[in-house]
Amino acid sequence: MLPSTFGEVLRARRIRRALPAEVQERLRRVRRGFLDRPSLDQPLALARFVALDLETTGPRMLVDRIISIGALAVTDGTVRHDDAFETTLRQDRSSEVDNILVHQIGGQAQLGGTDPVEALVSCLEFIGDSRIVAFRAEFDQTVFRREVRLRLGVHAWPRFIDLAALLPAMVPGTSNDTLDEWVAHFGLPPVGRHQAIADAYATAQLLMIVLQDAPRAGIETSRDLRDAEQAQRWLGRRR
Amino acid sequence: MDRKDLEFVAARVRLGYFPVGTVIVDPAGGISDFLYIIQRGHVRVRNPNAALDDEVRGTGECFPVIALSAASAGSRTFEATEDVFCLLLPREHFDELRRRSPEFAQFCTEALATMVQLSLGQLLHHFSQRAAEQQTLLEPISALVRRDPIYARADTSVRDALEHMRREGVRTIAVVDDARRPVGVFTLVDLVERVVLPGVPLSTPVADVMTRDPILVDELSTAQEALALMASRGFHQLLVMRSGELTGIVTERDLFSLQRVTMRNVTQSIRVARDLPGLRRCVEDIEALTHNLLAQGAAAEPLTHTITSLNDTLTQRLFELLLPEFPSVGQLQWCWLAVGSEGRREQTVATDQDNAIVFRCARAEVADARERLLEFARAANAALAELGFPLCVGNIMAGNPECCLSLEEWRGRFADWIREPTPTALLGANIFFDFRPLFGDQLLAGELREWLDATAGVNKLFLRMLVANALQAEPPLGWIRTFRTDAGETIDLKTHGTRIFVDAARAFALALGITETNTSQRIRVAGRRLNRDERDIGASVDAYHFLQLLRLRAQLGGLEAGGVEAARDKLHRALNRLDPYALNELEQRMLREAFRQARALQMHLDQSVGH
């Protein structure tokens, strides 16, 4: 996503310049790595994917803030327990009580977490040049991009791949809709849901299954995967 | 397992997904990169050896533990029988886990132990299968062909044909035309019926009295088919062909011979054998019997004992047959000694001759007696060679004047060796100090043994040199789980394996005055006298037997592969050699363990007798 107005560009630069020098340097490094990222024609088996999930202060993607981030790498068709990321962002004020109940992240923990700038930079570093996959990606993507733009002054970030759109294409003839339904469909062990890392883990497992089946569906590169997902999203909108 | 260790695992595993039918671990892919812990689903373990049924592993089980522990590619294939989720622990972490968690290390060892049991089963299975094949009649007829066919041209006279048959010791001869195509057979029965009784002159061409239109069978026909043909045509022999060429003659006797090789039968047939060819057939029976015994699961010790005792009987019978031709030997007081492995009652199939003679007579008559004995001994050596015991390359044979000595001379020789233990002397001691009486006056051998035990045991210098000699050979263990092989990438199982045990056992025996010559007996008796742990004694003996078993297997395999005659030629060179990496993973481990035991025995010798 590129900045749409000149004003946005200036604002972003102002935000970046206000960051500590050390953070600016880290962002530059992430950006360099991102620009050198492998092409879309890289075979799936060699690509690193990051399954990502956010817990937010509420369901409104334009205003609610990130409470925690969970992410796991998927490489060579395996979910990497040893390549995972989890952080809780320190909040200026804790979210409403009903939301606390959903995510079970208490006000204390919310107020205690990591500095948001630090948390987001670490997250970008963890993602590196990998492709991001999420379930219902639009929501996570919108919130994540907004926070990154507002806090780090970083605009350009690629689209998330939406697993919720891909799965029906790979496993036709089911009426599964939610993450829970898909997890149950594949008989995956129910993990402690509604925590960012747990949902990310469930997402990663589903991604692993999709990647395993991908060659059979003629999907061999990251580009094929993106194309399949886009076609499916387009179909989904028409439906 | 410790919580710390579980956390160690949890932090390092990955989750993998394998749809049904996926081959998760394939031996062809080399060493597995991961330890797989099944989280969900079932995995089928395919064993290349049909002896073991496939097994199925489920949730919570892991694989391939044995292959990873051995850091080898393993031999089994693991395949998903349904959609399977596994936790994958990278190999380097598997190794670290074994180091840090005693419980896990124990688990791996136990997995291996089960495997040892299974593998011994496999080994036996391999041979019982061979034995079963041998005893059914479904084997290709070519397996029954024991020698090149004896044949004569059609225009050969009956006399020449008979002469030829007598030389070769056969009862049947094939008759061929100018293009070597078989046109008939001629047997001793034909001789009686068509030559002797009708009074046909021996100068008649053999073609006139042979049986025409012999049965020709392709070498790939089964023995059963051959038997049926013989029965329907009323013939007792048939000619085996390979693409139009005669490759052998099989008689009814051959077809049934395989089923009558029991220990008692073989012993009996040795006792009643009337000539060299008769004994020669017994040698073949001994080989067949050895094979059967191995198949039935006989351990190396009873096996080598059996071979030795049959060979003893064979040699004794040979001497009985031979002695009437040497009347001058009959009046002498002498004893035929088995030395070397034969002396230790550890003969394997491919053992060459190691023998000597001790005799007693008045001093003035020594030279004369030796001459007479040598004449006999040379004939005996030659006959034994003909029976398939190759002549000794080192000329350690009774027919050598150096090995045919009076009691005084042997004592003098032994005393020299003990007083001045030069390398040559030790070499001599290694061979001759394991003597055992085989034929003749046993008291002579007993006297010599008594004297030797009393003399050698008290000479410290000699003992020290003997120990040093036994410590010289190093077990061929390489760095970390490898073997030290020679240029041909093989290990000499004798030089670098069994000999270590044999030499150490001899040193023990002479130091402690143990009259026993058999290696495992020596190790047992010495171990008990020195209060060695009974388990350590057992481990040494087992390791020794394992090496012997491998040797036997290599030798029998070689005999089978090349045919008896071909194998005889290369006995010395090839049959003690083994490519360790051709063994399966488990045997490789057992072999390494055997070599480690060799080292342990050497250390024990060094500590208890060496100083």
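In table form, for the structure just shown:
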item: FRET efficiency, 1/(1 + (r/R0)^6) with R0 45 Å, evaluated for B:ARG484 and A:THR142 via beta carbons; result: 0.10
item: Per-bin percent of Cα-Cα distances, the range B:1-73 [10 Å]; result: 16, 48, 30, 6, 0
item: In Å², nearest 10: area of B:LEU188 left accessible to a 1.4 Å probe; result: 70
item: Kirkwood Rh, Cα atoms: Rg over Rh of the range B:437-504; result: 1.19
item: Relative compactness, the range B:496-556, computed as alpha-carbon Rg over 2.2 N^0.38 Å; result: 1.13
item: Buried area at the B-A interface (accessible, heavy atoms, 1.4 Å probe, summed, Å²); result: 1200
item: Net charge over other residues, Cβ less than 14 angstrom from the Cβ of B:SER406 (K, R count +1; D, E count -1); result: -2
item: Fluctuation leader among A:SER175, A:SER222, A:SER122 - chain A, Gaussian network, Cα springs under 10 angstrom; result: A:SER175
item: Among A:GLY58, A:GLY77, A:GLY173, residue whose mean-square fluctuation peaks in a GNM of chain A (springs only between Cα atoms under 10 Å); result: A:GLY173
item: Local electrostatic count, B:LYS494, Cβ distance below 10 Å [Lys/Arg +1, Asp/Glu -1]; result: +2
item: Residues in the range B:354-368 that a label on B:GLN331 would reach, taking backbone N under 20 Å of a point 7 Å out along Cα→Cβ; result: B:358-368
item: Degrees between helix A:116-127 axis and first principal axis of chain A (Cα, 0 to 90, nearest 10); result: 30
item: Accessible surface, 1.4 Å probe, highest first, among residues A:GLU147, B:GLU375, B:GLU409; result: B:GLU375, B:GLU409, A:GLU147
item: Longest to shortest principal axis, alpha-carbon extents of chain A, angstrom; result: 50, 41, 38
item: Interface residues, the range B:3-18 - accessible area loss of 40 Å² or more versus chain alone, probe 1.4 Å; result: B:ARG14, B:LEU15, B:TYR17
item: Full-stretch length increase - B:GLU375, B:THR222 - with 0.36 nm per residue and alpha-carbon distance subtracted; result: 50.3 nm
item: Accessible carbon and sulfur surface of chain A relative to its total accessible area, %, 1.4 Å; result: 53
item: Inter-label distance for A:ASP180 and B:GLU103, nm, one decimal - labels placed 7 Å from Cα along Cα-to-Cβ; result: 3.5
item: B:ASP606-B:ASP33 FRET efficiency (beta carbon distance; Förster radius 35 Å; 0.05 resolution); result: 0.25
item: Nearest-10 value in Å² for the accessible area of B:LYS494, using the 1.4 Å probe; result: 80
item: The range B:263-451: radius of gyration over Cα atoms, expressed as a fraction of 2.2 N^0.38 Å; result: 1.04
item: Average Cα contact separation per residue, the range B:263-451, under 8 Å, 6 or more apart, as relative contact order %; result: 25
item: Per residue, the convex hull volume that the Cα atoms of the range B:141-258 enclose (Å³); result: 95
item: Where the range B:263-451 is the region considered: accessible area per residue in Å², 1.4 Å probe; result: 40
item: Pairwise label distance in nanometres, B:LEU583 with B:ARG242, each label 7 Å out on the Cα-Cβ vector; result: 3.2
item: At least 10 Å² of accessible area lost relative to the chain alone, listed for the range A:148-187 with a 1.4 Å probe; result: A:PHE186, A:GLY187
item: Cβ-based charge dipole, the range B:263-451, positive-most Cα from B:PRO277, B:ALA429, B:ILE396; result: B:PRO277
item: With DNA, RNA and ligands ignored, accessible area of B:ASP275 (1.4 Å probe; Å², nearest 10); result: 70
item: Two-decimal ratio, the range A:139-234, of alpha-carbon radius of gyration to 2.2 N^0.38 Å; result: 1.18
item: Potential extension, B:ASP5-B:ALA364 segment - 0.36 nm per residue separation minus Cα distance; result: 120.8 nm
item: Contour minus Cα-Cα distance for B:LEU322 and B:ASP26 (0.36 nm per residue); result: 100.5 nm
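The values are calculated or read from the model by the stated rules, or taken from the named source; none is laboratory data. A quick note: this is a predicted structure, and the numbers were derived from the prediction, not measured. We place every Cβ from the backbone using ideal geometry, glycine too, and count neighbours over all the protein chains shown. What goes into the accessible areas is simple: the full protein's heavy atoms, side chains included, and nothing from ligands, DNA or RNA. Shrake-Rupley method; radii C 1.70, N 1.55, O 1.52, S 1.80 Å.
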